[in-house]
Each structure stands twice: as C-alpha cells, then as structure tokens.
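Down below is the structure, laid out as structure tokens.
The values are calculated or read from the model by the stated rules, or taken from the named source; none is laboratory data. Please read these numbers as outputs of a predicted model, since none were measured by experiment. Here the Cβ positions follow ideal geometry from the backbone for every residue, glycine too, while neighbour counts run over all protein chains shown.
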Amino acid sequence: MKSKDAIREYFETIATRRHRWKKRNAFYHKSLEKYFAFSIPEGSRVLEIGCGTGDLLAAVKPSFGVGVDFSSKMVEIAVSQHPDLLFRVHDIEENGFIDQLDESDQQFDYIILSDLVHILWDVQKALGNLKKFCTPSTRIIISNYNFLWEPILQFTELVGLKQRSFNPNWLSFNDMDNLLGIEGYQVITSTQKLLFPKYIPIINFLFNKFLVNLPMINQLGLVTITTARPENIIRRDYTVSIIVPAKNEKGNILNAVLRTPSFAPSQEFIFIEGHSSDGTVEEMERIRLRFPDKNIKVLRQNGKGKGDAVRAGFEAAKGEILMILDADLTTPPEDLPKFYDAISNGKGEFINGCRLVYPMEKEAMRFLNLLANKFFGLFFTYLLGQRLKDTLCGTKVLFKKDYEKIKANRNYFGDFDPFGDFDLLFGAAKLNLHIVEVIVRYKDRQYGSTQISRFKHGLLLIKMSLFAAVKLKFK
C-alpha cells in the first residue's frame, strides 16, 4: 500500500501533464462542469477541495471562489489560469487551512469534492473537517466514480485512454451515505450520470441524455453525484407569515383565523382575494377589523390563479417562514404547528403536506383525483430524486430566504404554473433543498365547491410534469 506522501508526490509529478489528459477526455470534464453548474446558482460562495488546476471552480462562476489542493504545482497552474479566484495549498485531512482566510471568508454556500474521494487517504476525516466551512444551508456536492466501473476504468488506464489513478478507493453509494451520516451530514439526492463518456452525437443523446436517466438503468452511470447538507442544526424560533389565497370562500375566512393555533413568536395572516363573487373580500375586511390583535392583511390579486395569489402573498410577507393555507380548509389549520416544528427543528427546508396516508372523509377527494395524486407522487419521487407522496397538497412551507432564491432562479423554468405547487417544488429541487412531508388528515370542505377541473387541469399538470422532466432530468 502506498503512503500518503507518495500520493502527493504523484500529483506533483503529473501536474504539468494534466491539461493534456483533460483535453483527451474533454467531454467527460465538460459534462462534470455542466452538472455542477446546474446545481450551483451563479454568484454563490463556493469552496472546492481537490481543485486541481481550478477549471471546475471557474465553471460554476462563483462570487467568491476558493480552491484547495495539496499539490503546490497544481495550485500554481490554477493561480495563473484563474487569477480572479483564490487558491491555497492545503491538505483537507489536516487542520490549519481555516486560519489562512479572513473570518468573513470562512463559510460557503457550496463545497465541491469532484473526483476526489477515490484518492483521499482518510475520507471520513476529510468530511469531518469540512464542517468548519459550513452553515446550516451549505450544500456538499460530491462526484465520484461508480464502483461498478472499476474493471472498465482499469482497462482504459492500461491502454492509455485515461490518466492512471493512484491506488484508488472504490466507494459505493452506501459507503458514501454511511460516511456522511457518521460525520453529521444528511444525503439529499444521489444520481448517476454518463453511460458513455465520449462524445458521439447520436450515442450521446441516446445514452447520456435518455437511457442514463431511466430507472434501474441509471444505476450503471459512470459518475455518482451526491448532494448532502449538515445535519446538526440548532433549533430556533422564527416569525411566520400564513398566506391564504381565496376565491369564493366567504364561509371559510373566520375559521381560517379561529382554528389556526398560535405557534410562533410572531405570525401574520395574509389573505389574498381572487376576484370573488360571493363577498369574500368584504368578509376578509370584517375579520381583519374584528381581530386587530391577529396582524391580518387583506390584499386583492391583480392577476389570476392560485399561483399568482401565492406569489403576491409571498411578496407582502414579513415573516421568516412562509406557509400556504388553502382557504377551503381541507388541510386543517390545526396541523400548521407540525409544519412549523419540522422546519424550525431543521428536519427539512421545504415542508410539504401529505394527505394520502390517513383515511379521508367520504367526499374529501374523488377516486380519479386520488389516482392522479398517487401517480404524480411516484413520478415526482423519480423526477426530483427525493421521496414525495403528495405533490398537490396545497399546504407548503419554506423559508422566505429560500423562496427568494427560487424566485431569482424562476427564469430557468419560466412562468408556467398557474397553481403554484409545481413552481415551488421544482424550484426547491433545483436548489437542492431538503424536502420532507408532514402527514395530515384530509377533510371535506364545509363551504363552497372545488374550483379544480379534473380533466382540464389534469392534462395541464401532466404537461407541466413532462416539461419539468426535460429541464430537471433529461437536460
């Protein structure tokens, strides 16, 4: 077994030849750059461990980028090629690097470990040492070779198609999940990419755009990309804004206020009225005057649809946590503290209601609606890479700071969702927010009638899902 010093010496030796190997396997390296750039919003604070010559770090376009490598010659090349980024010679398995940075520069939005874990001497120690660079919202993104490819990669090295690895580690997903868990990280998503690591036009589309994203086949991809977050988050209290979009829901406005418990140091109600014909807005104003201690705001939306109403409410919200409560009250307001506890305790960053576990009241959801919800749950679990059972529950909870990021990134998907549910879910997945579900009992509405057209809106939901599949999975 080779020593750690021998590994460092090997990378010092190959530093000047690295660009030739990268050029020979340009498609592989450009693909990695594309995957990381998709997951990391431009302008983020990014740290790359094992940065080599700095090309990947530059590709994600950070506002503040720091590259670390234990090879001084690699770092010399990185400094000359990317003078706008900061590079340091350091071994992440040792202490001390943090002292080289100003205090304001010591924490990052994203930390990259690309093609690194297979050469680290002590992967667990390296992961443990990353914590000093993390905030509760930091994302660790790791790319490493799929261990199933070990004989193929060894053969390509033997015949000179790939640069020789130095005494590599071969870690399965379960190995990485275990090591991350031991060191206090939680895996959010893990996916495989690249079935064919060379560019041939038709082959590339078939293997790397289509087949690699299909269930079961995707387990054969060359590269495993894992996204994780720090798990030891300290609980704190947050202010809350409860957004209640309502059209023709006059008979539910009072109960929305009376049945909602007090569960945060400060909470406000924002009622968004959507061109009602039954006096809903007048009822909202009456309730606002009746309960001056409840901090109730009443707005009338300019546009149409629930999605537009929710966005208007989010814009007016002052709370740190944003909650959507459908005015039909089929998701009980009494359950909102469960959502608050889940997000304030750090169990998730996007909390979605799930109505499909407990028995429902007889008229709460029609049979075809139930089938559609189950279908979308299965499809979205595959699409987002996170478990999701009920995509269409109206109650969704997230931090306002994360909504601002979703809003800033909305042009990637476009304004395509009149309901608002998919817009938030897709945006959260794009940002690698950890999505968890709170199970609720689904009640029959006590006033009014549903405003959902099963077939018309069902076709629209399918269309939006296929659109998102292209943008998220088959990109």
Find the residue count for region 256-284, including only residues that are surrounded by 16 or more Cβ atoms within 10 Å (Cβ to Cβ) and either touching a residue at least 24 places away in the same chain (Cβ under 8 Å) or acidic (D, E) (or both). 16
Quick test for you: out of L424, L398, L388, L433, pick the one residue that is buried (at least 22 other Cβ atoms within 10 Å of the Cβ), part of a helix (DSSP H, G or I) and modelled with pLDDT of 85 or more. L424
Looking only at region 399-428, which residues are within 13 Å of V310 (Cα to Cα) and aliphatic (A, V, I, L, M)? L424
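Would you pick out the residues in region 197-242 that are buried (at least 16 other Cβ atoms within 10 Å of the Cβ) and assigned to a loop (DSSP other than H, G, I, E, B)?
Those that are buried (at least 16 other Cβ atoms within 10 Å of the Cβ) and assigned to a loop (DSSP other than H, G, I, E, B): P197, G221, L222, E231, I233, Y238.
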Here are E404, E363: which of them is of a type in the set (D, E), modelled with pLDDT under 85 and surrounded by fewer than 22 Cβ atoms within 10 Å (Cβ to Cβ)? E363
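Could you count how many residues in region 132-149 are surrounded by fewer than 14 Cβ atoms within 10 Å (Cβ to Cβ) and in a helix (DSSP H, G or I)? Step through it out loud before you land on a result.
Initially, region 132-149 is screened for residues surrounded by fewer than 14 Cβ atoms within 10 Å (Cβ to Cβ), giving 132, 135-136.
Cutting the leftovers down to in a helix (DSSP H, G or I) gives us 132.
Looking only at that region, the number is 1.
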So which pairs qualify, if the first residue must be in region 297-320 and assigned to a loop (DSSP other than H, G, I, E, B) and surrounded by fewer than 16 Cβ atoms within 10 Å (Cβ to Cβ), the second must be of a type in the set (D, E, K, R) and modelled with pLDDT of 95 or more, the Cβ gap must be under 8 Å, and the two must be at least 6 apart or on different chains? K318/E268
Please go through (1) assigned to a helix (DSSP H, G or I); (2) under 23 Å from F350 (Cβ atoms); (3) touching a helix residue (DSSP H, G or I) at 6+ places or on another chain (Cβ under 8 Å) for M284 and return the number of the only condition it doesn't satisfy. (2)
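Mind checking whether some residue in region 373-385 is modelled with pLDDT of 90 or more, outside any helix (DSSP H, G or I) and in the same structural domain as N248 (by TED's automatic domain parsing)? Spell out how you get there, then give the answer.
First, the residues of region 373-385 that are modelled with pLDDT of 90 or more: none.
No, there is no match, as no residue in region 373-385 is modelled with pLDDT of 90 or more, outside any helix (DSSP H, G or I) and in the same structural domain as N248 (by TED's automatic domain parsing).
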Please find, among L161, L179, L148, the residue that is among the aliphatic types (A, V, I, L, M) and at pLDDT 90 or above. L179
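Mind checking which residues of region 150-170 are more than 21 Å from F11 (Cβ to Cβ) and part of a loop (DSSP other than H, G, I, E, B)? Working first, answer last.
Initial filter on region 150-170 (more than 21 Å from F11 (Cβ to Cβ)): 151-152, 155, 159.
Passing the criteria: only V159.
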